[in-house]
Amino acid sequence: MSAQKPERGPLWREELPVNAGDERYVNRRQFAKFLVLTSLAMFVGNAWIFLKSRFTKVPRLPAVPVAGIDEVAIGGVKIFNYPGPEDACLLIRKGPAEWVAFSQKCTHLSCAVYFAKEANRIECPCHEGFFSARDGRVLAGPPQRPLPRILVESRGGQLFATGISLDPEA
């Protein structure tokens, strides 16, 4: 009698014995390796952002003429652009020698805000957000941050925008 050889599969199956059913499971070592590498990548990314912010110089904004001192009446408003032509701002004259200026873009969803003289506040018509006309703080509504304040200086009968402050105390 002759002994029959058992049917053999392809040679690659013998050399690479992988069970397809086991491939969908991740073992603990692979999962731990993934977590460590992902955490390391996130740490390196955050360190890069921190270092870049510490060593990047803040650009100095130019002084731009906004209006003449007597151009805006007390309680009046003037719209101007600062620092760029697409950045609308509100200049509000509060008293004989007192002016405040804010970005005209709501900090909630960037809707244009306006000065409501009767209520003495800045209002956002989109979602009923209200800001203080004195310092830009949020009074009510969905905005979480105050309006950016535009720094204004008086020089020789002219008002100049000189910078932007995110601090309402400035």
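The values are calculated or read from the model by the stated rules, or taken from the named source; none is laboratory data. Values in this document were obtained by computation on a predicted structure and should not be read as measured data. Because the Cβ atoms are built from the backbone with ideal geometry, glycine has one as well, and the counts that use them run over all protein chains shown. Side chains are part of the model used for accessible areas, which takes the heavy atoms of the whole protein and leaves out ligands, DNA and RNA. Shrake-Rupley method; radii C 1.70, N 1.55, O 1.52, S 1.80 Å.
For the stretch 67-108, which residues satisfy the criterion of being under 17 Å from L166 (Cα atoms), open to solvent by 40 Å² or more (accessible area, probe 1.4 Å) and in a loop (DSSP other than H, G, I, E, B)? Listed by number, the residues that qualify are P83, D87, H108. Evaluate the following for I69: is it modelled with pLDDT under 90, of a type in the set (V, I, T) and under 19 Å from the mean Cα position of the chain (by Cα)? Here the answer is no, as I69 does not meet what is asked. Scanning the stretch 155-164 for residues that are surrounded by 13 or more Cβ atoms within 10 Å (Cβ to Cβ) and modelled with pLDDT under 90 returns G163, I164. A count restricted to the stretch 109-154 and to residues that are exposed (fewer than 14 other Cβ atoms within 10 Å of the Cβ), under 16 Å from G76 (Cα atoms) and polar (S, T, N, Q) stands at 1. Among residues of the stretch 65-87 that are free of Cβ contacts under 8 Å to residues at least 40 places away in the same chain, those with a Cβ under 6 angstrom from a residue that is surrounded by 15 or more Cβ atoms within 10 Å (Cβ to Cβ) and outside any strand (DSSP E or B), sequence gap 6+ or separate chain, pair up as K78/V72; N81/D87. The residue that is farthest from V64 (Cα to Cα), counting only those in the stretch 146-167 that are touching a strand residue (DSSP E or B) at 6+ places or on another chain (Cβ under 7 Å) and part of a loop (DSSP other than H, G, I, E, B), is P146. What pairs come up if the first residue lies in the stretch 42-64 and is touching a residue at least 40 places away in the same chain (Cβ under 8 Å) and open to solvent by 90 Å² or more (accessible area, probe 1.4 Å), the second is part of a loop (DSSP other than H, G, I, E, B) and among the aliphatic types (A, V, I, L, M), and their beta carbons are under 9 Å apart, counting only those six or more places apart or on different chains? Pairs found: none.
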